[in-house]
Amino acid sequence: MADSGLDESILKDFTEESLILVDQCIDLLETIENDPSEVEKLKDFANRIDRVMGGAKSLALIAPPEHALNLIGDYCAICKSVGYQGAQIQNNDQFYNVVVALLLDAVEMTKVLFNRLDSSVTELKKIFSITFLERLKWISLQYDEIEKRRHDGKKMGQNEIDDLLKKLGL
């Protein structure tokens, strides 16, 4: 986006560094896939994707609202939240495997988003698969149930993932 208000060299450097982190996330997730004993490593994933999120959200402050960085920042925030919450999974191998698979798909999508930085948020939202969104909503509901059980059935506030989904208009 030539008139985005962003310094192109800064955007290029951020993209290159972010794609390295994204590749590290993919490698990490592939390493722990189908191995629930590695659940704690989801925190490492969340920390890495958090760095991408922070950079995207910082740069988005000086970009127009429709710039792809806004969507990338929010999308990475979802990944971060799912990762941190996933690190809390105990004695549920199937759920762990679903979470890791979802994160792998999500991080692959992050690469797609970075390759389409010249597209608007509205245009990029069209490429999200319905299956991915349904899986994300299902995982969010599972986390809500886990939290309710942890807190003796007390009603919890709205889940962070749901808030971010609404913000993304998904």
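Contact annotation: residue pairs with Cβ atoms under 7 Å, 6 or more positions apart or on different chains, pairing a residue in segment 46-66 that is more than 26 Å from L104 (Cβ to Cβ) and in contact (Cβ under 8 Å) with a residue 24 or more places away in the chain with a partner that is assigned to a helix (DSSP H, G or I) and among the hydrophobic types (A, V, I, L, M, F, W, C), are A63/L69; E66/V121. Every listed requirement among (1) more than 14 Å from Y143 (Cα to Cα); (2) modelled with pLDDT of 95 or more; (3) surrounded by fewer than 24 Cβ atoms within 10 Å (Cβ to Cβ) is met by D74 save one, (2). Residue pairs whose Cβ atoms lie under 7 Å apart, sitting 6 or more positions apart in sequence or on different chains, and linking a residue in segment 17-32 that is in a helix (DSSP H, G or I) and at pLDDT 95 or above to a partner that is polar (S, T, N, Q) and buried (at least 20 other Cβ atoms within 10 Å of the Cβ), are V22/T110.
Among the residues of segment 86-109, just one is touching an Asp or Glu at 6+ places or on another chain (Cβ under 8 Å) and without any contact (Cβ under 8 Å) to a residue 60 or more places away in the chain, namely A87. When we screen G83, G73 for residues that are in contact (Cβ under 8 Å) with a residue 24 or more places away in the chain and either part of a helix (DSSP H, G or I) or closer than 20 Å to K125 by Cβ (or both), the only hit is G83.
Yes/no per residue for (1) outside any helix (DSSP H, G or I); (2) modelled with pLDDT of 70 or more; (3) under 29 Å from G55 (Cβ atoms):
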position	(1), (2), (3)
L104	no, yes, yes
K111	no, yes, yes
F128	yes, yes, yes
L133	no, yes, yes
L136	no, yes, yes
Y143	no, yes, yes
K148	no, yes, no
G153	yes, no, no
D163	no, no, yes
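The values are calculated or read from the model by the stated rules, or taken from the named source; none is laboratory data. Treat the numbers as computed from the prediction; the structure is a model and nothing was measured. Positions of Cβ are generated from backbone atoms using ideal geometry, with glycine treated the same way; all protein chains shown enter the neighbour counts.
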